[in-house]
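Below: one structure, written as structure tokens.
The values are calculated or read from the model by the stated rules, or taken from the named source; none is laboratory data. This is a predicted model, so every value here is computed, not measured. Neighbour counts are summed over all protein chains in view; Cβ atoms, including those assigned to glycine, are modelled from backbone coordinates with ideal geometry. Calculation scope for accessible area: heavy atoms of the full protein, side chains included, ligands and nucleic acids excluded. Shrake-Rupley method; radii C 1.70, N 1.55, O 1.52, S 1.80 Å.
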Amino acid sequence: MQANHDVTHQCQQYIPEDVIWAYLVQLASAVRTVHAANAACRSIRLSHILTTHLTVRVGSTGVVEVLEGDTRKNIRDAQRDDVTALGEVMLALTTRRIVDPAFGHSKFDPQALPHWAHLIQQVALMYSRELHGVVFRMLTQPPSIFQLCDMLSGRAFDELEHSYTSNQLMLRHLSNELGSCQMLRVLLILCATFAGETNKLWSDQRSRNLLTLFFQFVFNQVDSRGSPVVNYGHVVACLNKLEVRSHERILLTSQDGRTVIVSSYCEIRGAIEDVTSIRGVSYHRFTQTN
């Protein structure tokens, strides 16, 4: 019982396996892109990897190639070292032990495998046999990056599904933000319209009455007892219908009940455009900004 408790406690301190697979798939994809161009990364190490919300970025790619110039390694050896370095990164993440010369720690040496056996065993203890097998293969008999990607094909589909879900969520948030921006633009153009109430732009009495009553209809609602209320749903719905030129007809009534106008959102939009065009502001240009 005590041994099982210790293992459970240790597991809680380690990175979840699905996160490890996500990192591995993304890093392998990045290395594959470089190797497909007949080049090598030579920067796959913890000190050159940046993660943001499960998205992995590799820095300093190709810098070593430039610094070494004509003395650089054979491309095949460099590409094999990239895969081994990727295995070292996975070993560091799964065991929480840094394997990176940049931090003053020794690199994994296949010739000294017994020295690293306890770390390999730790991976087998905390993670699945599949992950342990992939990490062990990258360290001891590194395949080409293309062979490694074939080994990760099933996990790549999991990552692809996660990407689709994230994209859909992002599109939903962007759609909400777009709707908010449209509401703001409509409100600003209404303010610009009423800013000219005291000049000649309001010489058309019908436009003046129509827009004034519409403004009251949207923002000056009252309940059955005549008390002012703020109905945000009503405001948003009216502004949306104004934005899309809805042909829905509404009854606009003044507060004293002496003026009554039946109009559509499309006609009200036209009246706003007439006023703003005289003021030198195009409603269409205004709503398409940014």
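Which residues, counting only those in segment 61-77, are at pLDDT 80 or above and of a type in the set (Lys, Arg)? Answer for segment 61-77, where residues must be at pLDDT 80 or above and of a type in the set (Lys, Arg): just Arg76.
I need the full set of residues from segment 184-206 which are modelled with pLDDT of 75 or more and surrounded by 15 or more Cβ atoms within 10 Å (Cβ to Cβ), in order please. Hits for segment 184-206 are Arg185, Val186, Ile189, Leu190. Reported count of residues in segment 232-266, each being part of a loop (DSSP other than H, G, I, E, B), open to solvent by 80 Å² or more (accessible area, probe 1.4 Å) and at pLDDT below 90, is 4.
The set of residues in segment 128-170 that are within 15 Å of Leu91 (Cα to Cα), modelled with pLDDT of 90 or more and in a helix (DSSP H, G or I) comprises Arg129, Glu130, Leu131, His132, Gly133, Val134, Val135, Phe136, Arg137, Met138.
Which one is modelled with the highest pLDDT among residues in segment 1-38 that are open to solvent by 70 Å² or more (accessible area, probe 1.4 Å) and of a type in the set (Val, Ile, Thr)? Ranking the qualifying residues of segment 1-38, first place goes to Thr33. One residue stands out in segment 64-82 among those that are out of contact with any helix residue (DSSP H, G or I) (no Cβ under 6 Å at 6 or more places or on another chain) and open to solvent by 70 Å² or more (accessible area, probe 1.4 Å): the one that is nearest to Leu139 (Cα to Cα), namely Arg80.
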